[in-house]
Amino acid sequence: MATFEAQVNGITNLGIDGTSTDPGQTELTQFLRDGVIDVTSKIVALRPQDIENFQRETSISDSQGVNVGGAKIISVIREAGADGSSDGSTAWEVCRKIPASMQSKVVNVDSLHYASQYHPVYTMNGDKAINVYPTPSSNNGFKIFYVNEEPRDITNNAALTYAHSNIKYFPNDKVYLVVIYASIKSLQASLSAVDISTFSSTAVPPTTPSLPDISSPGVSSTLVAISGSVPTYTSPVVAPDFSDANTWLNTEEDPEMVASRVQVIGAQIQEFQTKIQDSLNNFNKENIEYQASVQQGIQQAQINAQEVQKESDLTIQADIQDYTLELQKYSVDLQKYQADVGKDVQVYQQEIAEKSAEYQWKVGRLQDLKQEYNQIFAIMAPPAPQQQAAQRRR
């Protein structure tokens, strides 16, 4: 059988493993243990007749003060002067529960409340320890049947973890409810970790090209004047209120409010994507204007080069030609820079869309699992008095 980790991953598609966080394997283990307790308490409350499906028992004790951690007691039995472990049919007597205030009366042979070995009693102390009367001794020991509160696996009785696939002291046909519970809590942990006050993209912004040196030896005035500076793309900031949606989802558990909040978040993300495109359009506009200035500089450099050619200094002519080539290369670099920015923005927008879709899918999956989980217990619930009366009339 698949491990609980594999089952939860199959339901949630979260990919929980040794390196994951929110949730990781430690959190998943806790969710599974909490699920065992939650399923147990719900079924015991709805169907008390099924309580023995979750039963665990202590070994025989010959002394007072056995503690089962405050677990729900199913029954307590006491040996009646014989070895109950070898004669289970006659040596055990069922203990009746009494208030702690009756302890002195049940040991008083002159009291009407006196407890004999054939009519033993038990009480629970303030520290949740169980005391039995008459006082236990050899062949007069007792043991407790109680609802298990320490989730364990069947194979080796170890504390339950994500790596196990079965549960001890627990009905096999209800194990899937524990998996659903752990899946719900895992999705809640994943959604609660969402923080997209600013989207972080894997796209790497391109390096802004540098304008070559505009000075040239032998020229009395500035060779060319390129106005402005290289434009840079600045992404807008968005702060969708995921925490508000998570509160309604995990705390208030109101599906209508969650749907409303997710819709608002979707509108905020759509507005953010529109702003991203607007910022890109502004960048492209500024870049075109700047490239026009560069082209003018190239033309002016070519004019200046023609004037310098009239002079006899070949070194100056070579400098002008080199500089013109550098400006042309700079123009090509600007065009590539603009194209790279466009590619990065496209990657950025795609990642935003994927994150938004992932969040909405998790919300939908969480709501489906919650509905399934709650419906199962609703089916287990006994019919209301009106329904019982109607059934009797039939």
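The values are calculated or read from the model by the stated rules, or taken from the named source; none is laboratory data. Note that the structure is predicted; figures quoted are calculated from it, not measured. Note that each Cβ is placed from the backbone with ideal geometry, even for glycine, and that neighbours are counted across all protein chains shown.
Scanning the range 344-360 for residues that are surrounded by fewer than 17 Cβ atoms within 10 Å (Cβ to Cβ) and either in contact with a Pro (Cβ under 7 Å, 6 or more places away or on another chain) or in contact (Cβ under 8 Å) with a residue 60 or more places away in the chain (or both) returns Val347, Glu351, Ala353, Lys355, Gln360.
Search the range 58-76 for residues being farther than 14 Å from Met124 by Cα and in contact with a Lys or Arg (Cβ under 8 Å, 6 or more places away or on another chain), and hand back the single one that is surrounded by the fewest Cβ atoms within 10 Å (Cβ to Cβ). Top of the filtered list is Ser59. Against the conditions (1) surrounded by 13 or more Cβ atoms within 10 Å (Cβ to Cβ); (2) closer than 30 Å to Ala189 by Cβ; (3) modelled with pLDDT of 95 or more, Ser20 satisfies every one except (3).
Inspect the range 96-110 for any residue being closer than 23 Å to Leu369 by Cβ, surrounded by fewer than 13 Cβ atoms within 10 Å (Cβ to Cβ) and polar (S, T, N, Q) and give the result as yes or no. Checked the range 96-110: no residue is closer than 23 Å to Leu369 by Cβ, surrounded by fewer than 13 Cβ atoms within 10 Å (Cβ to Cβ) and polar (S, T, N, Q). Could you check the range 88-116 and list, in sequence order, the residues that are modelled with pLDDT under 95 and among the aromatic types (Phe, Trp, Tyr)? Correct list: Trp92 only. Only residues that are within 16 Å of Val76 (Cβ to Cβ) and at pLDDT below 95 were counted in the range 120-134, giving 4.
On the given criteria, is Val44 crowded, with 20+ Cβ neighbours inside 10 Å and of a type in the set (A, V, I, L, M)? In short, no. Restricted to the range 80-95, and to residues there that are surrounded by 13 or more Cβ atoms within 10 Å (Cβ to Cβ) and touching a strand residue (DSSP E or B) at 6+ places or on another chain (Cβ under 6 Å), the residue that is nearest to Val66 (Cα to Cα) is Cys95. When residues of the range 1-17 are filtered for being crowded, with 18+ Cβ neighbours inside 10 Å and part of a loop (DSSP other than H, G, I, E, B), how many remain? Residues flagged as crowded, with 18+ Cβ neighbours inside 10 Å and part of a loop (DSSP other than H, G, I, E, B) within the range 1-17 amount to 2. Glu311 - would you say it is modelled with pLDDT under 80, of a type in the set (Asp, Glu), outside any helix (DSSP H, G or I) and more than 40 Å from the chain's Cα centre (by Cα)? Taking the combined requirement at face value, the residue satisfies it.
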